[in-house]
1. All but one of (1) within 14 Å of chain B (Cβ to nearest Cβ); (2) of a type outside the set (Asp, Glu); (3) more than 30 Å from B:HIS49 (Cβ to Cβ) hold for A:TRP167, so report the exception by its number.
2. Could you say which residue among A:GLY125, A:GLY156, A:GLY113 is open to solvent by 30 Å² or more (accessible area, probe 1.4 Å), more than 16 Å from ligand 1 (Cβ to nearest atom) and within 10 Å of chain B (Cβ to nearest Cβ)?
3. Evaluate segment A:186-197: report whether one residue or more is more than 14 Å from every other protein chain (Cβ to nearest Cβ), open to solvent by 10 Å² or more (accessible area, probe 1.4 Å) and over 16 Å from the mean Cα position of the chain (by Cα).
4. Please find, within segment B:52-95, the residue that is nearest to ligand 2 (Cβ to nearest atom) out of those that are open to solvent by less than 40 Å² (accessible area, probe 1.4 Å) and away from chain A (no Cβ under 14 Å).
5. If you go through segment B:148-178, how many residues are more than 14 Å from every other protein chain (Cβ to nearest Cβ) and open to solvent by 60 Å² or more (accessible area, probe 1.4 Å)?
6. Pairs needed: first member in segment B:130-147, within 14 Å of another protein chain (Cβ to nearest Cβ); second member anywhere, surrounded by 17 or more Cβ atoms within 10 Å (Cβ to Cβ) and not small (Gly, Ala, Ser); C-beta distance under 6 Å; at least 6 residues apart or different chains.
7. Do we find a residue being under 23 Å from B:GLY146 (Cβ atoms), open to solvent by 30 Å² or more (accessible area, probe 1.4 Å), touching a residue at least 40 places away in the same chain (Cβ under 8 Å) and aliphatic (A, V, I, L, M) anywhere in segment A:45-55?
8. Show me the helices (runs of 4 or more DSSP H) found entirely inside segment B:104-199 where at least 3 residues are among the aliphatic types (A, V, I, L, M) and either within 14 Å of the chain's Cα centre (by Cα) or away from ligand 2 (no atom under 16 Å from the Cβ) (or both).
Amino acid sequence: MAQAKFTLPALPYAYDALEPYISGQIMQIHHSKHHQTYVNNLNAATANHVKALQENDVRAQINLQQAIKFNGGGHINHSLFWANLAPANTSQAKPESAPKLMEAITAKYGSYGGFKNEFKGVLLGLQGSGWGWLVKNKKTEQLDIVITKDQDPVVGDLAPIFGVDMWEHAYYLQYFNDKASYVNGIWNIINWDTAEGRFLGRSGALKL
Amino acid sequence: MSLLRIARPTIARRSLLTSSIRYKHTLPDLPYDYAALEPAISGKIMELHHSKHHQTYVSSLNDAEEKYASAVSANDVQGQISLQPLLKFHGGGHINHTLFWQNLAPKGSGGGEPPSGGLAGAINNTYGSVEDLKKKMNASLAGIQGSGWSWLVKDKDTGALQVITMPNQDPVVGKYVPLLGIDAWEHAYYLQYQNRKAEYFSAIWDVINWKAAEARYKAAA
Ligand SMILES: [Fe+2]
Ligand SMILES: [Fe+2]
């Protein structure tokens, strides 16, 4: 078949490298099972879409949109997520690795602490499954905090700087219903180097 | 009208209420032990699901209703409308879980025993058999993209049975009467089944309380 097959990206760190903030067991299931399932289903939906296109079947193409959005979003979101996390003891996990971004955060939210509170409030307000994102509006250059539901990806004028998976599978085995503690812990493992790169547009388009 | 049951606290609980004269919702007791649904649903899941998740919906519903009442007395329609999602989410969470606990039962106390009476006839007419209905409902559960519920409902207008899914905590309202609900949020199964949710969907039929579904079906006539 001519079209590219999507594959599960390797993690840039070991499954247990984000402990104690995210357990190795969570990371392993999350990456090797959940993310893999999105990749598999995206490949299937994409193949069906190619077929529908060849057969000039517009109804079939439209019927596949939701599967492509959900599984494509799942693949995009998790790929962004793994890359915007880093083990706590690395320099990447220090906010100092994102001087320009931190300047913009401070300008918008008063302080890093103020930003963290705001981000947490938005994430904990999510009703159901979804993601929390720090984004940059490409037109206005403004930072913003948004949530996308289920596996909707950040699209359009908004560029994702970093995302936090708020599906229960992302934290339940370790934090149970206490998602606030999961969000509190995540600040220790944000990859600020990646975030700075996305903020400055250095990283280009996401390669899947 | 089974839904009204959640709006009636026990006398003992009522006495615990604070100075507020407004009605407060309370967490209903489970009609069985946390571990009673094992091995289909682990005791740990049941305990967290009931005492933490459901409790949070109850507490947040009470908060939302209090805020809503203030908005009403302040004639603040904008405020009321902006509170709607909160009321819907936590009110729905309370309604859905209350219905869910009732439509589960331990094996040996009716759990998994096939439906009888009018509901059984309607299922056979609509789906061919209970097994076919289970397949249909499991497929609908597997198709939920995110958090939500699947329900067997009765259409009040036509009397027909239907399987529907509702996102997040949206409750079944309007022309549909909920007969049987299955929670497809990850918290409902993750500690035991992790990503293997199909195993949870197939195991839960061992603890489905069809008597509760029948009673709802009859009451909806
Ligand atoms: Fe995830
Ligand atoms: Fe639940």
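1. (3)
2. Among A:GLY125, A:GLY156, A:GLY113, only A:GLY125 is open to solvent by 30 Å² or more (accessible area, probe 1.4 Å), more than 16 Å from ligand 1 (Cβ to nearest atom) and within 10 Å of chain B (Cβ to nearest Cβ).
3. Yes.
4. B:ASN62
5. 6
6. What qualifies is B:ILE144/B:THR165; B:GLN145/A:PHE70; B:GLN145/A:ASP150; B:GLY146/A:ASP150; B:SER147/B:ASN168; B:SER147/B:TRP185.
7. So far as segment A:45-55 goes, no, none of its residues is under 23 Å from B:GLY146 (Cβ atoms), open to solvent by 30 Å² or more (accessible area, probe 1.4 Å), touching a residue at least 40 places away in the same chain (Cβ under 8 Å) and aliphatic (A, V, I, L, M).
8. Because the criterion is at least 3 residues that are among the aliphatic types (A, V, I, L, M) and either within 14 Å of the chain's Cα centre (by Cα) or away from ligand 2 (no atom under 16 Å from the Cβ) (or both), the helices (runs of 4 or more DSSP H) in segment B:104-199 that meet it are B:117-127, B:130-142.
The values are calculated or read from the model by the stated rules, or taken from the named source; none is laboratory data. None of the values given here were measured: they were computed from a predicted structure. Cβ coordinates were reconstructed from backbone atoms using ideal geometry, including for glycine residues, and neighbour counts include every protein chain displayed. Accessible surface areas use protein heavy atoms only, side chains included; no ligands, DNA or RNA. Shrake-Rupley method; radii C 1.70, N 1.55, O 1.52, S 1.80 Å.
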